[in-house]
Amino acid sequence: MNRPEHVLVINAGSSSLKFTMFRMTGEEMRAKGLVERMGLSAPMLHYERFDGLKSCAPCKVANHDDAIRLVCEKLVAPDVGVLRRLSDVQAIGHRVVHGAEKFHDSTIVTEEVKGSIRACASLAPLHNPPNLGGIEACERVFPQVPNVAVFDTAFHHSMPPSSFLYAIPYEYYERYGIRKYGFHGTSHKFVAEATASFLGRPLESLRLITCHLGNGASITAVDRGKSVDTSMGMTPLNGLVMGTRCGDIDPAVVLYLVRRGMSANEIDDLLNKKSGLLGVSGIGSGDMRDNLAAAEAGNDQAKRAIWMFTHRLVSYIGAYYTILGGADAVVFTGGIGENSVPIRRRVVSKLACLGCILDEERNQAVVNGRAGLISTADSAFRAVVMPTNEELMIARETARLLSVA
Ligand code: ADP
């Protein structure tokens, strides 16, 4: 197949479906949007065209098939659409959260691939089934169009056993697949590649520490283009302090809570949804902007939550710096990494001992989707802000696979 020109990217959740339509020449976003509250009361369709035209309207959507059909209607609508006809869609790329050990790269969807995605569902019960639902809906609505699955875990497939194994009996890895898989791989890969072009250096010559700081957060040591360690684990709960997730915690805390009578579901809820910035600050929000505002207003618990967030991040950067044997740049991305001047200031200030010196003027200037250096020009270990674009990475992967197929 020739390189597809029009690629649709789908991120299907259990009650939402995000889409982005790309024209690959110039890697242009033509339209994007979100169907939310799918199968619930009052579903909504948010739509945005490349020229800034936006709409938001109630819709009737019970399942993934309805959502994909609705997206199709919008994409070809004479007034707001971006395609002349639906057959212009030449390829569809799908975000799939968990590829376990089966998938170390993106792949063209076949019956066998779908079976393997289904088989990984026990590792990501909330994500893989709806991701597969999105793929199957596209197969029904676009029977002639190839689908590509792009896995959050795939980029971390290069981790060595010393990074990915847990220090429990080896048979638990062999029998149950209990190991670190890592997530946000599409984002870490995207920003690593984008940072290499920003610095004008081949990725194969760089040692990078990429920090994806959004509501979920993870950090990766990227050695010459390959992930060699990452902070999320068998699930996305491990590692950094996040909006509502605890990150690293002594596993004995879980046992202690079990013995105090809490159920597995209650502990799951506590650690995934009630912890992190939300739980520590007690302000009812895990959003960093709300926490920064509360801290600014003098709330001590919010201050504590933010210190914990930056302390954990700095300790990981130090660990990864040594694992990589030194590093060329630390890269900030995600909503917090791309925008939060005070968080970056706190983190980069701590890196002076490694030769990374904050340039505060640059720090304040690089926000709102801009890429840039925020360390001084003579810092050997640089700090870079690089906006992520997971959808574009999925579109690139889709075009790459289908161009050689
Ligand atoms: P998700 O992981 O859901 O994709 P995002 O990458 O959009 O999330 O990041 C959301 C986080 O980014 C929130 O904690 C939000 O407060 C934070 N954020 C966005 N803009 C800013 C800003 N200007 N300053 C501080 N934090 C910000």
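Relative contact order of region 48-176: 30 percent, from C-alpha pairs under 8 Å at least 6 residues apart in sequence. Using the Cβ of VAL385 as centre and a radius below 14 Å, the other residues enclosed give a net charge of +1, where K and R count +1 and D and E count -1. Extension gain, GLU204 to LEU126: 0.36 nm times the residue separation minus the Cα-Cα distance gives 24.5 nm. Computed from the C-beta positions of ALA62 and ARG175, the FRET efficiency with R₀ = 45 Å rounds to 0.70. Here is the list for region 1-62: trypsin sites (Lys or Arg not before Pro) lying in DSSP coil, each with at most 13 other C-beta atoms within 10 angstrom of its C-beta, are LYS60.
Annotation note: GluC sites (Glu not before Pro) in region 62-142 located in DSSP loop regions with a Cβ neighbour count of at most 16 within 10 Å are GLU101.
Over the chain, what percent of the accessible surface lies on carbon and sulfur atoms, probe 1.4 Å? The computed percentage sits at 53.
Summing charges over all other residues whose Cβ lies under 12 Å from the Cβ of ASP105, with Lys and Arg as +1 and Asp and Glu as -1, gives +2. When +1 charges are put on Lys and Arg Cβ atoms and -1 charges on Asp and Glu Cβ atoms, the dipole computed for region 256-324 relative to its Cα centre reaches about 220 debye. Here the relative contact order of the chain, from alpha carbon pairs under 8 Å that lie six or more residues apart, stands at 14 percent. Evaluated with a Cβ-only charge set (Lys, Arg +1; Asp, Glu -1), the chain carries a dipole of roughly 240 debye about its Cα centre, given to the nearest 20. Under the combined filter of DSSP loop state and at most 12 neighbouring Cβ atoms within 10 Å, region 233-304 retains these trypsin sites (Lys or Arg not before Pro): ARG260. With contributions of -39500 (n - 2.57) from each DSSP H run of at least four residues, the per-residue ellipticity at 222 nm computed over the chain stands at -11500 deg cm²/dmol.
Reported to the nearest whole Å, the Cα centre-to-centre distance from region 59-111 to region 305-350 is 35. Taking a ≥ b ≥ c as the square roots of the Cα gyration tensor eigenvalues, region 210-288 comes out oblate, since a/c reaches at least 1.5 and a/b does not exceed b/c. For a modelled paramagnetic label at THR376, 7 Å from Cα along Cα-to-Cβ, the residues of region 324-340 in reach, with backbone nitrogen under 19 Å, are 327-330. Packing, as the average of other Cβ atoms within 10 Å across residues, places the peptides 322-328, 162-168 in the order 322-328, 162-168, highest first. Its Cα centre serving as origin, region 202-355 has a Cβ charge dipole (Lys and Arg +1, Asp and Glu -1) of approximately 240 debye. Between the residues VAL141, HIS6, ALA57, the greatest Cα displacement towards the positive end of the dipole of region 5-162, with unit charges on the Cβ of Lys, Arg, Asp and Glu, is found for ALA57. For region 88-172, build the charge dipole from Cβ charges (+1 Lys, Arg; -1 Asp, Glu) around the Cα centre, then report which of SER158, TYR172, VAL113 sits farthest towards its positive end. After comparing all options, I get TYR172.
The values are calculated or read from the model by the stated rules, or taken from the named source; none is laboratory data. Remember, it's a predicted structure, so these values are computed and weren't measured experimentally. Don't worry about glycine lacking a Cβ; one is built from the backbone with ideal geometry, like all the others, and counts go over all protein chains shown. Remember, those area values only see protein heavy atoms, side chains included, never the ligands or the DNA or RNA. Shrake-Rupley method; radii C 1.70, N 1.55, O 1.52, S 1.80 Å.
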